[in-house]
Amino acid sequence: MALQETAGEGAGPFPFDAATAEPAQLRRLFRSGAWRGTTANMANGYTQGNLAILPQEHALDFARYCQRNPAPCPLIGMSDTGDPRIPDLGADLDIRTDLPSYNIYRDGRIEGSATDILEFWRDDSVAFVLGCSLSFEEALMQAGVPLRHIETGRTTPMYRTSIETVPAGPFGGGMVVSMRPMPARDAIRASAVTARFPHTHGMPVHLGDPAAIGIADIDSPDWGESVPIHAGEIPVFWACGVTPQNAIRQAGIPLVLTHTPGSMLISDIPSSVC
């Protein structure tokens, strides 16, 4: 679903170390259109966020939906109506241009992807930013927990599930989860580590059998890319910020703008603060 990854000319995809780069430095690069892929392992130590932009008439119901479902929808920022800035998340931030890529939904169906949404932003647009599990991955790596999607250079696999969210207005439906395979001993450690990050989804919602949460084929994610699960490992599932996109799709709202899964907003807020 993501746009093709692109790189500027020169030495490698980035002219700097993306893992240790400042958020504003990366946002400027995304604003130029030079990178359209995943933001995994970028600006380590800073909070990344999922994006949903809706018309004002649906904003209150969506805020209620986030409040009622804090695990998949941990709200960390919200714009004023018609204002593409969210100063609390970044002084120079323009929500219309500063992500690698965006999805455009009309009447609940995806219309396409774009590197910016300047032409789609309206005077009644309200942007919501929700904490993302990519933010706690640095802590997992520091704890020695393996992250297969980073090892293989892929986007985290994400799946629709049978875990129902609490509805609000037109928003509802099943939770979306992200999956990271690891040995059981690391899964216990990962649960303890991520429990410290409630505003970026917190601890896992399920460990083990994918069928128990309605996932029929672990090798066929709904978003992202499949990753191998080695002998002696179990799949570990976290609530995922793509859940609002699933709810938006079912709500059938005329125009909604989101991030492309895996291509997140990188904020100036340290992960430890959230």
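Annotations
- Taking each residue of segment 137-154 that is within 16 Å of residue 188 (Cβ to Cβ) and at pLDDT 85 or above and looking for partners that are open to solvent by 20 Å² or more (accessible area, probe 1.4 Å) and charged (D, E, K, R) with beta-carbon atoms closer than 7 Å, six or more apart or interchain, yields 143/189; 145/189.
- Residues of segment 39-74 that turn out to be within 20 Å of residue 268 (Cβ to Cβ) and either of a type outside the set (A, V, I, L, M, F, W, C) or modelled with pLDDT under 90 (or both), as a count: 11
- Yes/no for residue 83 being free of Cβ contacts under 8 Å to residues at least 60 places away in the same chain and either under 25 Å from residue 198 (Cα atoms) or part of a loop (DSSP other than H, G, I, E, B) (or both): yes
Yes/no matrix, rows are residues, columns are (1) free of Cβ contacts under 8 Å to residues at least 60 places away in the same chain; (2) of a type in the set (A, V, I, L, M, F, W, C); (3) closer than 25 Å to residue 200 by Cβ; (4) open to solvent by less than 40 Å² (accessible area, probe 1.4 Å):
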{"site": "57", "(1), (2), (3), (4)": "no, no, no, no"}
{"site": "69", "(1), (2), (3), (4)": "no, no, yes, yes"}
{"site": "74", "(1), (2), (3), (4)": "no, no, yes, yes"}
{"site": "77", "(1), (2), (3), (4)": "no, no, yes, yes"}
{"site": "99", "(1), (2), (3), (4)": "no, yes, yes, yes"}
{"site": "102", "(1), (2), (3), (4)": "no, no, yes, yes"}
{"site": "117", "(1), (2), (3), (4)": "no, yes, yes, yes"}
{"site": "120", "(1), (2), (3), (4)": "no, yes, no, yes"}
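- Taken over segment 104-113, the criterion of being open to solvent by 10 Å² or more (accessible area, probe 1.4 Å) and touching a residue at least 40 places away in the same chain (Cβ under 8 Å) is satisfied by 105, 106, 107, 109, 110, 113.
- In segment 189-199 there is at least one residue that is closer than 26 Å to residue 45 by Cβ, free of Cβ contacts under 8 Å to residues at least 24 places away in the same chain and exposed (fewer than 15 other Cβ atoms within 10 Å of the Cβ).
- Consider segment 86-102 and keep the residues that are of a type in the set (Ser, Thr, Tyr) and part of a loop (DSSP other than H, G, I, E, B). The one that is farthest from residue 259 (Cα to Cα) is 97.
- Qualifying residue in segment 222-235 (condition: touching a Leu at 6+ places or on another chain (Cβ under 9 Å), over 17 Å from residue 264 (Cα atoms) and open to solvent by 20 Å² or more (accessible area, probe 1.4 Å)): yes
- Residues located in segment 191-211, provided they are in contact with a helix residue (DSSP H, G or I) (Cβ under 9 Å, 6 or more places away or on another chain) and under 30 Å from residue 63 (Cβ atoms): 193, 194, 196, 197, 199, 200, 201, 202, 203, 204, 205, 206
The values are calculated or read from the model by the stated rules, or taken from the named source; none is laboratory data. Given the structure is predicted, the values throughout are model-derived calculations rather than measurements. In this analysis, Cβ positions are derived from the backbone assuming ideal geometry, glycine residues included, and neighbour counts consider all displayed protein chains. In case anyone asks, the SASA skips ligands and DNA or RNA and just uses the protein heavy atoms, side chains included. Shrake-Rupley method; radii C 1.70, N 1.55, O 1.52, S 1.80 Å.
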